[in-house]
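Here the structure comes first, spelled out in structure tokens, and everything after it is commentary.
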Amino acid sequence: GDAEVTQSRWESLAERGPIEVRYLPDAPNQFRVDGQSSAASLPFVFAGIGFLFTLGGGAVFVLGLRHVRAAARLERDGTLAEATVTGVGPARITINGVPQLVIRYRYEDARGRSRSGVSDPLSPVEAADWDAGQHGRVRYDPGVPRHSVWLGRG
């Protein structure tokens, strides 16, 4: 069989010399060489790595869920306002190899203050209908007017 041993054990061995091996009498293929590196910690290492990936994935999921719920709340309960498109540009996301776009816009809140916002990523087909200077609709949070959601023409 083969076994990985520590560096010090390797250096103490002589080629074709004897080495102590412990094995199970009923299963001689299950053995352990004196000085063999222990693989007993591997499950704990991989469990730790899995735990970290789970935490990271959970955090991404929670942040995404919060964004979706906030947007749904704004679409349902937000104050309606007219917005002016200030530009259409690339989003930092690609879906199925297709770069997505965002619409940048400005609107006025109930106090007359100018606010700006950015739409969620849109496909190039959806974004192609929009140019700077065109008007669309947004809903914003009257309590925190800088939070808005792009509705488009609908």
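Observations
- For the stretch 70-113, the solvent-accessible area works out to 66 Å² per residue, with a probe of 1.4 Å and every protein chain left in place.
- Gain on full stretching of the segment that runs from ARG146 to LEU55 - 0.36 nm per residue minus C-alpha separation: 29.7 nm
- Pair-distance profile P(r), taking every C-alpha pair of the stretch 52-154, with 5 angstrom steps and integer %: 2, 13, 20, 20, 19, 13, 7, 4, 1, 0
- Apolar share of the accessible surface for the chain: 56 percent from carbon plus sulfur atoms, 1.4 Å probe.
- For the stretch 79-154, trypsin sites (Lys or Arg not before Pro) are listed when DSSP marks them as loop and at most 13 other Cβ atoms sit within 10 Å of their Cβ; the list is ARG111, ARG113, ARG146, ARG153.
- Once exposed loop GluC sites (Glu not before Pro) are cut out (DSSP; at most 12 other Cβ, 10 Å), longest piece of the chain: 21-154
- FRET efficiency for VAL62 and ARG106, using Cβ-Cβ distance with R0 set to 30 Å, rounded to 0.05: 0.45
- Between VAL118 and ARG73, the FRET efficiency estimated from the beta carbon spacing at R0 = 22 angstrom works out to 0.75.
- The calculated FRET efficiency for LEU42 paired with GLU15, based on their beta-carbon distance and R0 = 35 Å, is about 0.75.
- Distance from the alpha carbon centroid of the stretch 1-38 to that of the stretch 57-114 works out to 62 angstrom.
- Principal-axis tilt of helix 42-77 within the chain, Cα atoms, nearest 10 degrees: 10
The values are calculated or read from the model by the stated rules, or taken from the named source; none is laboratory data. Everything quoted here is computed from the prediction, not taken from an experiment. Cβ sites come from the backbone with ideal geometry, for glycine too, and all protein chains shown count toward neighbours. Each accessible area value is taken on the protein alone, full model and side chains, heavy atoms only, with ligands, DNA and RNA left out. Shrake-Rupley method; radii C 1.70, N 1.55, O 1.52, S 1.80 Å.
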